[in-house]
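Visitor: Please read through the structure below; I'll follow up with questions.
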Amino acid sequence: DSYCGSFKRGLSHGTGTYTWQNGDTYTGEFRDGRIAGKGKCAWAETGNSYEGAWKDDQQSGWGEYSWGQSGNRYVGMWRMDKRHGHGTMIWVSGNHYSGKWKEDKRDGPGWHICPDGRKFKIIFEKANPKAESLSSKPYTLKPMILQPWMINHRPYSVLPNT
């Protein structure tokens, strides 16, 4: 493994790049020898990547994860390396799911948007869908109004076509 970047008291601190022997890389912020702050990690074998907030070597806060081989993406909140909070899963097929996540599973209310614009409201309990309703009005993903904590990110939300 190798590290190129700033140090403080002999520990990685500030900005830098850490490269593991298997080719995985992290470029971004470090605090007291740990990955913390904003940064990007790329996994060499899978082509997967995550760019966003980190805390104690884990994905925590707002970030975007891309699955390299499938092309699918998740944009939203993370906690301890798991999708947690509001987020949007975007499949290459054109389907989207926007809603609440808990411990890497859909949990609570959300919306499934089909490529043709059809929209289903789904309520998940422990990752199982409990209710669905169909909206006749087509919806698409549009950028949402930026909040101060979202600066330098590309958040998305479901908004009706106008």
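Visitor: Please compute the per residue accessible area over region 1-125 with all protein chains in place, 1.4 Å probe, rounded to a whole number of Å².
Guide: Per-residue value: 53 Å².
Visitor: Report the gain in length on full extension from residue 38 to residue 114: 0.36 nm times residue separation, minus Cα-Cα distance, nm rounded to one decimal.
Guide: 24.1 nm
Visitor: Now for a different question. Restricting attention to region 1-67, which trypsin sites (Lys or Arg not before Pro) occupy a DSSP loop and are surrounded by at most 11 other Cβ atoms within 10 Å?
Guide: 9
The values are calculated or read from the model by the stated rules, or taken from the named source; none is laboratory data. This one's a predicted model, so the numbers in the text were calculated from it and none came from an experiment. Positions of Cβ are generated from backbone atoms using ideal geometry, with glycine treated the same way; all protein chains shown enter the neighbour counts. All accessible areas refer to the heavy atoms of the entire protein, side chains included, with ligands and DNA or RNA removed. Shrake-Rupley method; radii C 1.70, N 1.55, O 1.52, S 1.80 Å.
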